[in-house]
1. Give, rounded to the nearest 20 debye, the magnitude of the charge dipole that region 2-235 has about its Cα centre when Lys and Arg contribute +1 at Cβ and Asp and Glu contribute -1 at Cβ.
2. Step through the residues of region 51-63 one at a time and calculate ³J(HN,Hα) from phi using the Karplus curve (6.51 cos²θ - 1.76 cosθ + 1.60, θ = phi - 60°), rounding each to whole Hz and writing x for Gly and Pro.
3. What accessible area per residue, rounded to a whole number of Å², is obtained for region 2-235 using a probe radius of 1.4 Å?
4. Given a Förster distance of 56 angstrom, what is the FRET efficiency for Lys201 paired with Ser616, based on the Cβ-Cβ distance and rounded to 0.05?
5. Computing the accessible area with a 1.4 Å probe over protein heavy atoms, can you report the carbon and sulfur percentage for the chain?
6. Under a straight-distance cross-link criterion of Cα-Cα below 19 Å, which lysines are reachable from Lys144, leaving out those fewer than 8 residues away in the same chain?
7. Taking only the alpha carbons of region 2-235, what extent do you get along each of the three principal axes, in Å, biggest first?
8. Calculate, in nm to one decimal, what Lys426 and Asp378 gain on full extension: separation in residues at 0.36 nm each, minus their alpha carbon distance.
Amino acid sequence: MSKREFQTEVSQLLHLIVHSLYSHPEIFLRELISNSSDALDKLRHLTLTEDKYKALVGNGIDSPRIDLELNEEAKTLTISDTGIGMNEEDLISHLGTIARSGTKNFLSQLSGDARKDSNLIGQFGVGFYSVFMVADKVEVFSRKAGEDETYKWTSDGKTGFDIEEVSGEAARKSAGTTVLIHFNDEGAQYANSWRLQEIVKKYSNHIAFPIFLTYDKSEWNAEKKESIKTRTTEQVNAASAMWQRPKSELKDEDYKEFYKSITGDWEDPLFWFHTRAEGTLEYTTLFFIPAKAPMDLYQADYKTGVKLYVRRVFIMDDSKELLPPYLRFVRGIIDSEDLPLNVSREILQQNKVLTSIKTASVKKILSELKNIAENDKDKYAQFIAEYNRPLKEGLYGDFANRETLLDLVRFKSTKVEGLTSFAEAKARMEPEQKALYYITGGTESILRNSPLLEIYKKKNIEVLLLDDDIDEIVFSTIEKYGDIELKAVNKGTASEDLKDEAAPEKAEELKPLLERLKATLGDTVKEVRASSRLADSPSVIVSDEDEPSARMRQMMQAMGQKNLPELKPTLEINPDHEIIKKLLADPSNGKVEDAAWLLFDQALLLEGVPLKDPASFVKRLNRVLNQSI
Ligand code: ADP
């Protein structure tokens with residue numbers, strides 16, 4: 001026998017499970033049954049596709065089933081499956097470490113407040129370890145398909161576990177896993193057949209394999225006039241692939257339970273889309289949108305949530321080919337009638353059938369979302385609160401669905417509270433308004449206070465505030481919403497639309513001043529010119545149409561991009577501002593020089609860009625201040 005310690009994360013998780021999950025201990029059964037179901041799925045796939053396993057059917061591999069055996073007196077329960085099983089190595093790596101990404105991140109988000117934490121854990125999914133909510137000792141007997149040895153894993157869920165090979169009675173006769181639970185005080189309530197049936201029906205009714213319960217059934221014996229107990233085995237679940245049942249037969253509850261059984265989430269999904277396609281291609285899809293974005297949504301090694309089946313046989317659940325990455329928060333099932341059972345990962349990538357299913361599925365999901373956006377604003381707001389950003393990633397990557405995605409994303413705005421859409425902004429356009437305007441490149445408060453918005457405010461034109469860090473990259477590639485142009489107000493030409501007619505005359509008058517400002521700032525700026533977009537501020541920084549904003553550059557540098565070409569912003573000044581007027585009236589030497597730098601530096605500060613030389617800025621500011629007091 002060898003003793004081993006749990007990986008630190010497992011110990012932390014176990015501690016949490018025992019101390020925070022008191023509100024839902026019954027989910028341990030769902031988690032274990034779901035593990036058994038996965039193990040059966042994996043083995044069934046192998047026996048259908050690989051000769052080595054085909055040959056073992058009936059001789060080392062039994063027909064797929066899950067068995068619960070209850071011993072009320074001893075307060076023990078076993079959950080056995082005839083699935084793929086685990087060997088010694090598997091037991092160590094699967095039941096002693098956590099392979100899932102995001103574990104550390106998850107653990108660091110915990111607050112210590114049991115109620116809040118228990119919700120978080122619900123989203124994270126605790127899997128096997130949840131059994132320690134109800135057990136003070138757990139023994140796992142497992143034999144891997146194709147191998148002869150049975151190994152036993154034992155733990156009290158505190159510090160570590162033991163592993164040993166077992167033989168004789170304790171050894172399994174065929175491949176699979178048996179989990180023997182010794183209930184603790186909390187778990188004693190589940191040493192009850194009626195309770196177990198209820199829980200299986202609630203969470204695992206649609207598991208595709210039969211689940212049997214063996215227990216001591218009390219029956220009235222009329223002759224003896226007393227109740228006697230008989231050991232009985234009964235099937236508890238419906239064991240149908242629920243997604244194959246007609247929609248008309250399925251209730252909301254069925255969908256919610258099924259969702260929970262495949263995801264381990266405790267919360268109901270926001271909504272689901274169930275589709276059966278018949279025709280050239282036959283397939284069924286059932287997609288769910290979780291109420292809360294998955295923990296690993298923004299991690300490169302996120303876990304996918306869509307399982308691929310072929311004619312009810314599970315094929316794989318970790319393919320990133322099934323949906324585009326921006327829909328990685330979608331959970332559910334794709335079941336195809338047309339794919340071969342032995343379809344491999346490599347084949348999947350260029351398989352025409354799958355490509356068609358994928359294309360149709362994306363269209364379906366997006367059109368259903370659009371439907372909800374139009375007909376159930378509250379629900380849609382919940383959706384957007386979690387998934388606005390992945391949809392924007394879609395705008396960047398999914399050209400074919402750009403039109404629909406443009407209708408799905410939401411923004412802050414200078415005109416309305418909360419979030420709004422392009423369609424709504426279009427409906428609010430002023431009669432003379434030529435384009436839809438937006439501003440990017442900073443936090444909401446920097447954007448709201450940007451001098452670039454002044455002229456729009458004055459003319460009562462709406463500007464959308466795109467404060468997400470990917471907005472600038474995404475929207476710089478998108479020129480139109482329908483037939484309306486989209487323009488960034490911090491880019492060169494947006495203000496042309498708003499120019500007033502008197503501009504050319506002023507330009508002549510301003511020329512000498514502009515030249516002197518440019519001479520002072522030298523190579524720091526590309527150009528100094530008169531602005532038509534300012535009302536209250538004396539100056540502003542703008543970038544060319546095809547250049548990243550100053551703020552964007554900062555981000556690119558922070559992300560490790562080197563060798564960015566030197567940024568040469570354009571400084572625009574407001575000819576109607578008091579300061580500029582005074583400079584024009586009295587352009588005596590020292591003042592223009594100080595003014596040039598102060599106008600430039602303040603414009604940078606308002607964009608949220610730190611100054612290269614704050615000391616000079618302060619010195620200059622104090623000099624000017626000193627003169628004015
Ligand atoms: P998850 O199911 O989310 O991967 P678990 O902690 O529930 O996490 O299980 C960890 C791993 O242990 C599983 O991924 C699987 O490889 C293995 N495992 C658990 N239960 C079984 C079982 N009944 N048969 C075979 N393997 C299992």
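The values are calculated or read from the model by the stated rules, or taken from the named source; none is laboratory data. These numbers were taken from a predicted model, which means no experiment stands behind them. Heads up, the Cβs are rebuilt from the backbone with ideal geometry, glycines too, and the neighbour counts pull from every protein chain shown. Only protein heavy atoms, including side chains, enter the accessible area calculation; ligands, DNA and RNA are left aside. Shrake-Rupley method; radii C 1.70, N 1.55, O 1.52, S 1.80 Å.
1. Values: 28 positive and 37 negative charges, 109 e Å.
Computed about the Cα centre, the dipole is about 520 debye.
2. Result, ordered by residue: 4, 3, 7, 3, 5, 8, 4, x, 9, x, 10, 9, 5 Hz.
3. Numbers: 11030 Å² over 234 residues.
I get 47 Å² per residue for region 2-235.
4. Working: r = 75 Å, r/R0 = 1.34.
FRET efficiency, Lys201 to Ser616: 0.15.
5. On the way: 14740 of 30030 Å².
C and S fraction of accessible area: 49 percent.
6. Leaving aside lysines fewer than 8 places away in the same chain, those within reach of Lys144 are Lys42, Lys52, Lys54, Lys152, Lys173.
7. That works out to 62, 50, 34 Å along the principal axes.
8. Values: separation 48, 0.36 × 48 = 17.28 nm, distance 2.13 nm.
Gain in length upon complete extension: 15.1 nm.
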